[in-house]
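We did not get these values from a lab; they are worked out from the coordinates using the rules stated. Please read these numbers as outputs of a predicted model, since none were measured by experiment. For neighbour counting, all protein chains shown are included, and Cβ atoms are generated from backbone atoms with ideal geometry for every residue, glycine included.
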Amino acid sequence: MASTEFPAGHPLAAELWSKKTFVEALAQTHASKFMGTDAGSLLQVVTETQKDAGDTVHVPLLVDLIGDGVSEGVSLEGNEEALTYYRDSLVINELAHAVELKERIDKQRVPMRLREDARQMLQQWWSNRIDTIFFNQLAGISTETRAVYNGFQTPNAPSSSSAGNTNAQRIIYGVGTHTTENSLSASGTAEAFSLTCIDLAVNVAKRTSPLVRPIKVGSQEYYVCFIHPDQARSLRTTTSTGGWLDIQKAAMMGGEVNDNPIFSGALGVYNNTVIHENRRVPLAPGHTTVRRAIFCGAQAGLMAYGKGYSERMDWIEEAFDYERRFGVSVQSIFGMKKTRFNGSDFGSIVISTRATSPV
């Protein structure tokens with residue numbers, strides 16, 4: 001009886017496995033919930049580099065008009081306002097990883113499906129790496145200079161008013177009088193994450209220029225806040241008004257949110273902010289007790305793929321030593337970064353708080 005098979009090295013098998021690997025890898029990431037090609041997405045995927053040659057894409061931002069306008073008795077001519085554009089740039093590069101399966105006799109000795117295990121492990125590796133890059137960029141971990149961990153551009157530290165723009169402040173140090181992460185990490189400090197931190201971030205988002213735009217979900221608008229498990233623990237152990245019980249009362253119900261990915265796996269909603277927990281929310285550089293929670297709106301980050309890439313990677317199988325050894329590689333070309341215009345982070349605010357593990 002004849003059967004249809006796709007053996008190792010078959011060109012169709014490679015294409016099917018590459019797409020399956022990347023789709024499943026993205027499904028496992030936190031970042032994928034927030035990807036979209038429109039300007040209302042938290043992580044906007046720009047498509048220019050998928051269509052044309054080049055390793056850099058420039059993204060324009062058109063600033064809101066701020067002129068007074070004119071009324072009766074005042075000439076409009078001579079009182080026009082010029083359009084103001086800022087620009088951010090995103091670089092893409094190649095990232096690849098591989099697994100080598102040794103001698104043929106190894107397949108005989110063990111019952112594991114080595115090729116399938118290699119695919120699953122590479123899939124998990126990609127998922128972990130994409131989320132690591134996502135949080136390193138949005139949290140502004142400028143000390144991470146390894147290109148394969150920062151999306152091929154060194155992350156910008158959270159912007160502050162010292163950048164020459166009084167509206168550029170994009171970092172909050174708890175809810176007390178702290179002004180640096182050093183003071184948060186000092187012995188005896190108990191500046192833990194609380195819902196008041198979100199209140200402060202919402203206030204900053206609404207009063208700065210440019211505004212941190214919320215993400216539209218149906219007729220409603222939401223921000224997203226990523227916190228570390230240690231910060232989530234601080235919320236859970238708060239029993240006073242404005243604590244964990246209050247965000248649990250905010251039921252995420254209704255046709256507008258049931259099927260929207262930004263709510264999938266969320267801890268709850270508070271002050272129109274969807275709270276997500278992730279263990280990759282990073283430590284502040286140089287500190288072991290300070291975590292950088294990340295408060296985000298639309299266009300907080302940018303992502304781009306190379307030509308020929310998107311929902312597929314290059315799945316490459318190669319035989320060595322007269323086919324006695326076998327290797328599997330998964331490769332892609334992409335880049336990711338936090339948006340920044342005119343010296344100010346555009347769609348994100350860092351919330352630094354003391355966060356210590358109970359063990």
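Quick look at the values:
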| read-out | value |
| --- | --- |
| Net length gained if the chain between Q124 and T189 were fully extended (0.36 nm per residue, minus Cα distance) | 19.7 nm |
| Mean shadow area of segment 145-230, taken as a quarter of the surface of its Cα convex hull (nm²) | 8.3 |
| 18 Å cut-off, amide nitrogen to a point 7 angstrom out along E100 Cα→Cβ, residues in segment 113-148 | 114-115, 118-119, 122 |
| Simple label model, 7 Å out from Cα along Cβ direction - R87 to E221, nm | 2.9 |
| Segment 276-328: C-alpha pair distances exceeding 18 Å, % | 67 |
| Simple Cβ-charge dipole of segment 111-193, Lys/Arg +1 and Asp/Glu -1, about Cα centre, in debye nearest 20 | 320 |
| Pair N167, T196: separation of 7 Å Cα→Cβ label points (nm) | 2.8 |
| Cα radius of gyration and Dmax for segment 130-195 (Å) | 14.1, 38 |
| Loop-located trypsin sites (Lys or Arg not before Pro) in segment 276-359, at most 15 other Cβ atoms within 10 Å (DSSP) | R279, K307, R324 |
| Per-pair calculated FRET efficiency, R0 = 30 Å: T356 and V148 via Cβ, rounded to 0.05 | 0.50 |
| Length added when fully stretched, E77-E116, from 0.36 nm per residue minus Cα-Cα | 7.1 nm |
